[in-house]
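Q: Mind having a look at this structure? Questions to follow.
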Amino acid sequence: MSSANKPWLKHYHELAKPETHIENLSLTQFLLKNVREYGDWKAITFYNRSWTFQELYGISERFASCLHQSGFKKGDRLGIMLPNTPHYLFALFGTFRLGGIVTQVNPMYVEREIEYILNDSGAETMVVLDMLYPRVKSVQANTPLKKIIVVSLGTSETPVELAPGDILFDDFMKAYPMDEAPPVQIDPADDVAVLQYSGGTTGASKGVMLTHRNIIANCEQSYDYIFKILKDVEGVPDNAKVINVLPMFHIFGLTCVSFFGIRAGYNQIILPRFDVKEVLETFRREQPFQFSGVPTMYIALNAVPNIEEYGLGNTRIFNSGGAAMPVEQLHLFEKRVGAPIYEGYGLSEAAPVTHFTNMFAERKVGSIGLPFPSTEAKIVDVGSGEHEVPVGEIGELVIRGPQVMKGYWNREEETKITVRDGWLYTGDLGRMDEDGYFYIVDRKKDLIIASGFNIYPREIEEVIYEHPAVQECIVLGIPDEYRGESVAAYVALKEVAAASEADLIEHCKKHLASFKVPRLIEIREQLPKSAVGKLLKRALRDELNKK
């Protein structure tokens, strides 16, 4: 890339040097550093109440003290199963303070999925929303879970009745003496802070081990590449506002909104879920500086007839990630709102961001942009993964940088497959152009991405096979204008059995989170097979593509 007529490139190349600018801090030290800088500024706002940076730190310290006095120690795992609430951040930083590991649990998970994650992670403590408490309680006996801390937002018509030994969050914070939590020695580069469950690049759901340094590095990379340049060039208001509606249980929302918001001194306007009307009213009332979302959020906003009336054009940064943004939807949003959307690319194994569209560079629609500072990226041959392919040719995208995970929880062999000599093999097929811009072409594996969520066909197939009428099953992702992709299942029934598509969908609803349930189930007389009887997913996909 030539720096001629591209002054931003000089700054970019300076940042691309080894990560000497990334401090070796724990996430507690990271929070404390920003508390010292932003102290009495608003850190989070949740409807009619706000907390300053100092208050956020103080409450998380109190949670750490109570957690310690309850027997929690370094290395223990704490599950969080909440929508976006201030309690999420209090529990996160309280756990980090003791050197504990946060296990992320999607609030949409059903009992089977909750049980799996608790057993795999070994979490003995969990913070859960009162409405979700019955789900967790029903599987507790089959897991290591010992202590359940319940968050009540006062929205439930009937107060939840807790079993002996379980406790409300507010009561937990008062249940122990006002002692300080003891100092805990943390190695930021080695100690795991978050277990982010993902199917990774090899199939079944695994806990991605993200260290304190992985997460802080990605925050600093974002700050240097986006915020710092913007601040130098245009200026940024003190204590600027950001809408925090991306789920915190998703690494995109956790790192790129929640942690980045702390780094940038933002006032995070927290919304528990994405409701179009509420989000638009928040835009109108708060006039946020930044908004981050997945493509389905932007598509939903595009569908609002009078979106121009809500003042979205006053927002300086719109980010999109989690899945590819449909080009026509991107252009429509930008035309109606009068502000650009900047796309990025990442994955759980990279905490998550590796590439982003630089706001001061040439934008190439369809590209994921350039690698983040201190991040190396290349396209290698699909066969061996050892040889870099020429510019413009398609191969597998591999990444190396300080944000790359430590590995998969208790899965050493799978870690060796995915991370080799420090390079993260993403499983995505892509190419690089002559200017160093990267493009994702297709996925190497059969991962389905719907509304930004990773969905793994094998898990859904196993659930469908549990239905007594099913003989064979293939699950694929099919194009969906709104979600990016939807789940489709193709099923052959046993000769003497009977079941309808509706029966099978109802079966899936009982055993899968709603976003994993197939939108389409098609019953066929037979499914394509090889000569030895192996189901041929590729043959079915090719058949569908010809229609």
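Residue by residue, here is whether (1) modelled with pLDDT of 90 or more; (2) surrounded by fewer than 16 Cβ atoms within 10 Å (Cβ to Cβ) holds:
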position: Arg458; (1), (2): no, yes
position: Val475; (1), (2): yes, no
position: Glu485; (1), (2): yes, no
position: Ala497; (1), (2): no, yes
position: Asp503; (1), (2): yes, yes
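Q: Now a separate question. Residues in the stretch 17-63 that are surrounded by 16 or more Cβ atoms within 10 Å (Cβ to Cβ), free of Cβ contacts under 8 Å to residues at least 60 places away in the same chain, aromatic (Phe, Trp, Tyr) and outside any helix (DSSP H, G or I): how many?
A: 1
Q: Being aromatic (Phe, Trp, Tyr) and farther than 23 Å from Leu210 by Cα is the filter; apply it to the stretch 412-453 and report the residue that is surrounded by the fewest Cβ atoms within 10 Å (Cβ to Cβ).
A: Among them, the one singled out is Tyr439.
Q: Going through Leu195, Leu230 one at a time, which residue ends up being touching a residue at least 12 places away in the same chain (Cβ under 8 Å), within 30 Å of Arg285 (Cα to Cα) and in contact with a strand residue (DSSP E or B) (Cβ under 9 Å, 6 or more places away or on another chain)?
A: That would be Leu230, the only listed residue that is touching a residue at least 12 places away in the same chain (Cβ under 8 Å), within 30 Å of Arg285 (Cα to Cα) and in contact with a strand residue (DSSP E or B) (Cβ under 9 Å, 6 or more places away or on another chain).
Q: May I pose another question? Being more than 19 Å from the chain's Cα centre (by Cα), outside any strand (DSSP E or B) and among the aliphatic types (A, V, I, L, M) is true for just one of Ile474, Ile478, Ile464. Which residue is that?
A: Ile464
Q: Applying the selection to the stretch 451-477, what residues are under 24 Å from Pro247 (Cβ atoms) and touching an Asp or Glu at 6+ places or on another chain (Cβ under 7 Å)?
A: Pro457, Val475, Gly477
Q: Here is a further query. For Met248, which of the numbered conditions (1) surrounded by fewer than 21 Cβ atoms within 10 Å (Cβ to Cβ); (2) in a loop (DSSP other than H, G, I, E, B) fails to hold?
A: Single failed check for Met248: (1).
Q: Within the group Leu520, Leu447, Leu536, which residue is without any contact (Cβ under 8 Å) to a residue 12 or more places away in the chain and under 33 Å from the mean Cα position of the chain (by Cα)?
A: Only one candidate qualifies: Leu536.
Q: Another question about this same structure. Pairs, please: C-beta under 8 Å, at least 6 apart or cross-chain, first residue more than 30 Å from Asp190 (Cβ to Cβ) and in the stretch 386-405, second in a loop (DSSP other than H, G, I, E, B) and of a type in the set (Val, Ile, Thr)?
A: Gly395/Val382; Gly395/Val389
Q: Go through the residues of the stretch 341-353 one by one and say whether even a single one is at pLDDT below 95, closer than 25 Å to Glu434 by Cα, out of contact with any Leu (no Cβ under 7 Å at 6 or more places or on another chain) and surrounded by fewer than 20 Cβ atoms within 10 Å (Cβ to Cβ).
A: The answer is yes; a qualifying residue exists.
Q: Considering Phe291, Phe274, which residue is in contact (Cβ under 8 Å) with a residue 24 or more places away in the chain, surrounded by 18 or more Cβ atoms within 10 Å (Cβ to Cβ) and either part of a strand (DSSP E or B) or not assigned by TED's automatic domain parsing to the domain that holds Gly253 (or both)?
A: None of the others qualify; the one that does is Phe291.
Q: Scan the stretch 408-441 for residues that are charged (D, E, K, R) and touching a residue at least 24 places away in the same chain (Cβ under 8 Å) and report the count.
A: 8
Q: Can you name the helices (runs of 4 or more DSSP H) wholly within the stretch 84-203 that have at least 1 residues being outside the structural domain of Gly322 (by TED's automatic domain parsing) and closer than 20 Å to Ile251 by Cα?
A: 86-97, 111-121
Q: Of the conditions (1) part of a loop (DSSP other than H, G, I, E, B); (2) in contact (Cβ under 8 Å) with a residue 12 or more places away in the chain; (3) not small (Gly, Ala, Ser), Ile269 fails just one. Which one is it?
A: (1)
Q: Residues in the stretch 367-397 that are among the β-branched types (Val, Ile, Thr) and surrounded by 23 or more Cβ atoms within 10 Å (Cβ to Cβ): how many?
A: The number of residues fulfilling the criteria is 3.
Q: Give the stretch 377-413 a look and list any residue that's of a type in the set (Gly, Ala, Ser) and part of a strand (DSSP E or B), or say none.
A: Ala377, Gly395, Gly407, listed by residue number.
Q: For the structure I just gave you, tell me whether Val487 is under 30 Å from Val380 (Cα atoms) and not in a loop (DSSP other than H, G, I, E, B).
A: yes
Q: Looking at Ser60, Ser70, which one is at pLDDT 95 or above, more than 30 Å from Ser374 (Cβ to Cβ) and not aromatic (Phe, Trp, Tyr)?
A: Checking each option against the conditions leaves just Ser70.
Q: Kindly list the number of the only condition in (1) without any contact (Cβ under 8 Å) to a residue 40 or more places away in the chain; (2) surrounded by fewer than 17 Cβ atoms within 10 Å (Cβ to Cβ) that fails for Thr357.
A: Condition not satisfied by Thr357: (2).
Q: To continue, here is another question. Going through Lys231, Lys206, Lys241, Lys277 one at a time, which residue ends up being within 16 Å of the chain's Cα centre (by Cα) and among the basic types (Lys, Arg)?
A: That would be Lys206, the only listed residue that is within 16 Å of the chain's Cα centre (by Cα) and among the basic types (Lys, Arg).
Q: Checking the conditions here, which among Gly436, Gly430 is assigned by TED's automatic domain parsing to the domain that holds Phe274 and assigned to a strand (DSSP E or B)?
A: Criteria check complete, one pass: Gly430.
Q: So Glu414 clears everything in (1) in contact with a strand residue (DSSP E or B) (Cβ under 6 Å, 6 or more places away or on another chain); (2) farther than 20 Å from Asp190 by Cβ; (3) among the acidic types (Asp, Glu) except one condition, right? Which one?
A: For Glu414, the exception is condition (2).
Q: While we're here: Tell me yes or no: at least one residue of the stretch 205-219 is modelled with pLDDT under 95, in a helix (DSSP H, G or I) and either β-branched (Val, Ile, Thr) or surrounded by fewer than 19 Cβ atoms within 10 Å (Cβ to Cβ) (or both).
A: So far as the stretch 205-219 goes, no, none of its residues is modelled with pLDDT under 95, in a helix (DSSP H, G or I) and either β-branched (Val, Ile, Thr) or surrounded by fewer than 19 Cβ atoms within 10 Å (Cβ to Cβ) (or both).
The values are calculated or read from the model by the stated rules, or taken from the named source; none is laboratory data. In this text the structure is predicted, and so the values were computed from the model without any measurement. In this analysis, Cβ positions are derived from the backbone assuming ideal geometry, glycine residues included, and neighbour counts consider all displayed protein chains.
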